[in-house]
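This report refers to the structure that appears directly beneath it.
The values are calculated or read from the model by the stated rules, or taken from the named source; none is laboratory data. Worth saying up front: this structure is predicted, and the values here are computed from it rather than measured. With ideal geometry, Cβ positions are generated from the backbone for all residues, glycine too; neighbour counts draw on all protein chains shown.
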């Protein structure tokens, strides 16, 4: 893990990946905050985890498969879904059938 | 309300239900009394973001009719009890913002499972409660709709992220409430406001209808004024749900009927790592008093070690932000919520909508989460954090081989002042030092009021139990509560 920290260029790149636009005022503040937090996170390097399996879900840590942990998938039966009118009513822009967005392809 | 004996600030869930069922009051009168009190008191506290009066009174009417015709079968364990819902949980047709501008005007088309279960049990849902934006925060100062003030000291924070849920119960603005806890967001505000808050085991309560922050950590749980009330709520909420594949099929024991069992013989673990420097001396003294009380009731006390505790905060802020960066990608201005009006292309619309819709803390966490998942850093940060999560969980699994419950502080300090920590995110994250390990391990926990500081600020004690060990945890909590009065 590098402890060199992140630069404004790094943070701008990550913002780009995350579809976030940072204002010129926000960028230096985020660089400062992320470096402080990443510095703290670097303490994890003190631990040797070479033989430790990663844990993504609680059931894994209990040494159980999801099914044995009591988790299960519901029967695959057809049920009515949400009403289209109700769902489309929440859209910022719609023709009632589809979501409308600004143009995707620049000409 | 005609009966002055029903003091809204102190009435328990059990007493409220009894008063409705035996006709001392009606569910409608109880709900109306709460709305009057909200109108009078909440402008100073800011706990409610939306009131659901019509739906509440319709439900109250159903309860009152069942009382009138003596239909006991229709009177569930929460019959007529006024309850508030954290605004990260969906209620059909009711404004649900998650404390964010990006969901302003959103009316979800469905009820969260926990919301539906409360109503099926007779609860009267009063409205939606303020919280940190997308449940990200430890002080409720990250809400786009203004901070919540601690009812016990208005210049102090109520804790977060479920600040509104804790404050509303403490201020008599609902009898009980729902919150969510990803890294301490139920236990910490419960401690700061002097109420009971439960973090159920991961998988115990369905997450369907909870607006996701970090899916492997998010949990729904109750706030109440007593351990028995919180146990009643948990019994209603717990159990499998076909809409959440991680909800567990494990049978739900009778939490309330188990409460009366004596705690004599239970082995209580005291983790040395939770009593180090940085712990406020008044909190330490109050917890030691609770431990003495357990000993006096026949528990045996055992010093234990949870050696990886100091790594819990860094692990949490990698895993929670990584999951958040993925979960919050759904807010893009296309299907619901806020869309920036000034964009001529799709990609500009995504960016501007997100930039204008999200607050600074949410952006900070999305950036951190995207960074730790990005090419070249995934193994160093994300995988490493997942490995240390295993170590933290093993700490608890081996501790619970020797003890039945763990007792420790919830927070290093009592409620701090509004604005005191907002300039330093790392300081704010370190507030979570005693709460995040249990979140990462998936075990259950609770905060129980155990006294006040000399300045009158509430102190909470944390009781932790093993996975699906809520029944024993609740008994220990009740034993601590019993010596407070």
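List of remarks:
- In the range B:372-425, the residues that are modelled with pLDDT under 95 and either touching a helix residue (DSSP H, G or I) at 6+ places or on another chain (Cβ under 7 Å) or under 30 Å from residue B:266 (Cβ atoms) (or both): B:374, B:377, B:421, B:425
A quick yes/no check of all residues on (1) buried (at least 24 other Cβ atoms within 10 Å of the Cβ); (2) in contact (Cβ under 8 Å) with a residue 24 or more places away in the chain; (3) in contact with a strand residue (DSSP E or B) (Cβ under 7 Å, 6 or more places away or on another chain); (4) over 19 Å from residue B:358 (Cα atoms):
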residue	(1), (2), (3), (4)
B:132	yes, yes, no, no
B:151	yes, yes, no, yes
B:158	yes, yes, yes, yes
B:169	yes, yes, yes, yes
B:180	yes, yes, yes, yes
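- Scope the range B:348-366; condition within 7 Å of chain A (Cβ to nearest Cβ) and either surrounded by fewer than 20 Cβ atoms within 10 Å (Cβ to Cβ) or without any contact (Cβ under 8 Å) to a residue 24 or more places away in the chain (or both); matching residues: B:349, B:350, B:351, B:352, B:355, B:363
- Scanning the range B:335-347 for residues that are surrounded by fewer than 19 Cβ atoms within 10 Å (Cβ to Cβ) and either in a helix (DSSP H, G or I) or within 7 Å of chain A (Cβ to nearest Cβ) (or both) yields B:335, B:343, B:344, B:345, B:346, B:347.
- Taken as a whole, the condition of being part of a helix (DSSP H, G or I) and within 20 Å of the chain's Cα centre (by Cα) applies to residue B:229.
- Residues of the range A:14-28 that turn out to be in a helix (DSSP H, G or I) and more than 8 Å from chain B (Cβ to nearest Cβ), as a count: 3
- Cβ separations smaller than 8 Å between residues 6+ apart or across chains give the following pairs from the range B:383-398 residues that are over 15 Å from residue A:56 (Cβ atoms) to residues that are at pLDDT below 95: B:394/A:61; B:397/A:61; B:397/A:62.
- Set side by side, the residues B:314, B:271 differ, and just one is over 23 Å from residue B:163 (Cβ atoms), touching a residue at least 24 places away in the same chain (Cβ under 8 Å) and within 14 Å of chain A (Cβ to nearest Cβ), which is B:314.
- Taken over the range B:238-249, the criterion of being surrounded by fewer than 24 Cβ atoms within 10 Å (Cβ to Cβ) and either in contact with a strand residue (DSSP E or B) (Cβ under 8 Å, 6 or more places away or on another chain) or at pLDDT 95 or above (or both) is satisfied by B:239, B:247.
- The C-beta contact set for the range B:89-116 (first residue within 14 Å of chain A (Cβ to nearest Cβ) and buried (at least 19 other Cβ atoms within 10 Å of the Cβ), second residue outside any loop (DSSP other than H, G, I, E, B) and at pLDDT below 95, distance under 6 angstrom, 6+ apart or interchain) is empty.
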